[in-house]
Amino acid sequence: MRKTRYPELKAQLKKLAKEIRYWKSNRKQEKRAALGLWLYQIDGKIDVRANEFRHKHIAYCMLRGRAYEEIEQKCNTSPDWTYIDSIKEEYEQKDLCASA
């Protein structure tokens, strides 16, 4: 089994991906009626999670040493770089200097 360098961030990405799949599978009329939600409500939930996943995925890849051009070759909208930087700062592994 491989170990990841940022297991908390990777776990959050997996959780978000699972939530996106769940909400996408509930877009059909029968499932929406059972949940009591409108299509725009479900699409809103998907959009929020997809946006969060995109930014965390970019931050995760950049923490592992990838350039942005390698992560997204084609995109219509540029990401929120301040949000990505805050994610990177939160999960960045800091080197501690042990002094005697």
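Coordinate-derived values only; no laboratory data. Bear in mind the structure is a predicted one, so any value in this text is a computation, not a measurement. When we count neighbours, we look across all protein chains shown, and the Cβ atoms used for this are built from the backbone with ideal geometry, even at glycine.
Values computed for the structure shown
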item	result
Extension gain (nm, one decimal) between A17 and Y40, 0.36 nm per residue minus Cα-Cα	6.3 nm
Dipole magnitude of the chain about its Cα centre (Cβ charges: Lys, Arg +1; Asp, Glu -1), debye to nearest 20	740
Long pairs among K14/K74; K3/K24; K24/K74; K3/K28, criterion Cα-Cα beyond 32 Å	K3/K28
Nearest 10 degrees, 0 to 90: helix 39-63 Cα axis against the chain principal axis	20
Tail weight of P(r) past 20 Å, computed on alpha-carbon pairs of segment 7-91, percent	43
